[in-house]
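Have a look at the structure below, then the notes.
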Amino acid sequence: MIKRAVLIVLDSVGIGELPDASEYGDEGSNTVKNIYKSIDDFSLPNLEKLGLLNIDGFEDIRKNNDKFLSTVGKCIEKSKGKDTTTGHWEISGLVLNKPFPVFTKGFPKEFIEEFEKRIGRKTLGNYPASGTEIIMELGQEHVDTGSLIVYTSADSVFQIAAHEDVVSLPELYNICKTAREMLKGDLGVGRVIARPFTGSNGNFTRTKNRRDFSLVPSEDTMLDYIKNSGREVFAIGKIEDIFVNKGITRSIHTTNNQEGIEETINAIKENFEGLIFTNLVDFDMLYGHRNDIKGYANALKYFDSKLPEIIENLKDDDVLIITADHGCDPTTESTDHSREYIPLIIYGKYVKDNNNLGTLDSFACIGKTILDFLNINNDINACSSSGNILKLSRK
């Protein structure tokens, strides 16, 4: 019997454009494959042993057809969109029939005026921009005036940047909470994001004190079903922000991949039943959005180097699931998320090896399958693959 699932989301580690990628301007995006092709002799030996390159679509770069140690597949995103909230919610069983709104021309004047009135500060910007570029452009004016830098992107986000010496973190987080309360209905973006930075003009640098303020999930997800069954839902990284603590029993907010991996290993060492749900954000935040191919590649290598330690700490009745939430291909011109398939790698004592599930028709198949592993009744509208994953004999 499976007693616990360890679900690790490698934020933005997509594996190829979805059939509707052209609708999002993402033709040619393939985050993982394009990194392999861009870096000489690039490899991820431990992920490859599990079967990363045995997932459909990697035939042209696979070095051999050796057996692999897990069950693999890839998933189509059924929801419209390509943002973090949409991806994580769908993984957990909540498919959005209507995408979160985007504001490619900035937010309405009426909203900005009311926002400024409520927070007692003026704003700068209010247009789509790269986070690193807009603080270089407007950072000094912000420092001089105290006006907040607000901006968006191709994703459904309202981002607020402020220098930590000008606006304290508690004030910035409260300002984001105010924005979150206001951004509902037609203005209901998926996330309000605090983007603190430090430094001086010409050398402004974003810090690790980012926080995300998401909408509350509109329906119960995998997390709620597990929590309501009396089991633990341990959220690591920005999972608590994405789900606004709904369905979560315990959480640790980490600021980088290294912390997230170490806290995940610590959680695996504990004895409890339920779910460990981790998001590793650096791939996306530090490298994908900055088109830093080498940095992204090194982040993948670092996770790969820690994978044996993760695996050696798994208990016999654990199952490890590695996936992503969207793409963010650093090799393309765009600095935004990309609409891609996500990988699915499932490993454990009771999991079949050398097993390829092909293509699953929704990210929600992951949540449905985890609930089946844990023998929890649910109303998630997706197909479970548990019968094709678990070994018949569990002796």
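When a 1.4 Å probe is rolled over the protein heavy atoms, the share of accessible surface on the chain that falls to carbon and sulfur comes to 44 percent.
Using the heavy atoms of the protein chains alone and a 1.4 angstrom probe, what is the accessible area of segment 212-265 per residue in square angstrom?
Working: 1910 Å² over 54 residues.
Using a 1.4 Å probe on heavy atoms only, each residue of segment 212-265 averages 35 Å².
The charge dipole of the chain, taken about its Cα centre with unit charges on the Cβ of Lys, Arg, Asp and Glu (plus for the first two, minus for the last two), comes to roughly 860 debye. Please state the shape class of segment 130-197: rounded when a/c is under 1.5, otherwise prolate if a/b exceeds b/c and oblate if not, all from the C-alpha gyration tensor. Taking the square roots of the gyration eigenvalues as a ≥ b ≥ c, segment 130-197 is oblate. Label separation (residue 298 vs residue 173): 3.0 nm, computed from points 7 Å beyond Cα along the C-beta direction. Using Cα springs under 10 Å in a Gaussian network model of the chain, which residue among 365, 383, 328 shows the largest mean-square fluctuation? Answer for the Gaussian network model of the chain: 383.
Using the crude model of +1 on Lys and Arg Cβ and -1 on Asp and Glu Cβ, and no other charge, please compute the dipole size for segment 147-263 relative to its Cα centre, in debye to 20. Show your work: numbers first, answer last.
Numbers: 14 positive and 16 negative charges, 19 e Å.
My answer is approximately 100 debye.
Here, segment 310-390 has an Rg and a Dmax of 14.8, 45 Å when only alpha carbons are counted. A Förster radius of 25 Å, combined with the Cβ-Cβ distance separating residue 349 from residue 228, puts the computed FRET efficiency at roughly 0.40. Taking the C-alpha atoms only, the angle from helix 257-269 to the longest principal axis of the chain is near 40 degrees. Under the simplified labelling scheme, the residue 112-residue 315 pair shows an inter-label distance of 5.4 nm, with each label point 7 Å from Cα along Cα→Cβ. In the context of the full protein assembly, residue 210 retains an accessible surface of approximately 20 Å², using a probe radius of 1.4 Å and ignoring ligands and nucleic acids.
Fully extending the segment from residue 23 to residue 60 would add 10.7 nm, taking 0.36 nm per residue of separation and subtracting the current Cα-Cα distance.
Counting only DSSP H runs of at least 4 residues, each contributing -39500 (n - 2.57), and dividing by the residue count of the chain, the helix-based mean residue ellipticity at 222 nm comes to -9000 deg cm²/dmol.
A Cβ-based charge dipole, computed about the Cα centre of segment 219-328 with Lys and Arg at +1 and Asp and Glu at -1, lands at about 260 debye.
Rounded to whole Å, the principal axis extents of the Cα atoms in segment 158-240 read 52, 30, 18, largest first. For the pair residue 266 and residue 145, label points projected 7 Å from Cα toward Cβ lie 4.3 nm apart.
Between residue 137 and residue 41, the FRET efficiency from the beta-carbon distance, with R0 = 56 Å, is close to 0.90.
Shape of segment 178-311 from the C-alpha gyration tensor: oblate (a/c of 1.5 or more and a/b not above b/c, with a ≥ b ≥ c the square roots of its eigenvalues). Note on residue 344: accessible area is roughly 10 Å² with a 1.4 Å probe, heavy atoms of protein only.
Tell me the per residue accessible area of segment 26-72 using a 1.4 Å probe; a whole number in Å² is fine. Don't jump to the answer; show the numbers that get you there.
Values: 2260 Å² over 47 residues.
So segment 26-72 comes to 48 Å² accessible per residue, rounded to a whole number.
Report, in degrees rounded to the nearest 10, the 0 to 90 angle that the Cα long axis of helix 293-312 makes with the longest principal axis of the chain. Roughly 40 degrees between the two axes.
Here are some pairs, 98/177; 37/82; 269/391; 246/368; which of them have Cα atoms lying more than 20 Å apart in this structure? Long pairs (Cα-Cα over 20 Å): 98/177; 37/82; 269/391. The equivalent ellipsoid of the chain has semi-axes of 35, 23, 19 Å, largest first, where each one is the square root of 5 times an eigenvalue of the Cα gyration tensor.
Kindly report the accessible area of segment 273-390 per residue (heavy atoms of protein chains, probe 1.4 Å, no ligands, DNA or RNA), in Å². Write down the numbers at each step before the final one.
Working: 3920 Å² over 118 residues.
Computed with neighbouring chains in place, this is 33 Å² per residue.
The values are calculated or read from the model by the stated rules, or taken from the named source; none is laboratory data. All values derive from a computational prediction rather than experimental measurement. Cβ: placed from backbone, ideal geometry, glycine included. Neighbour counts: every protein chain shown. SASA here: full protein model, heavy atoms, side chains in, ligands and nucleic acids out. Shrake-Rupley method; radii C 1.70, N 1.55, O 1.52, S 1.80 Å.
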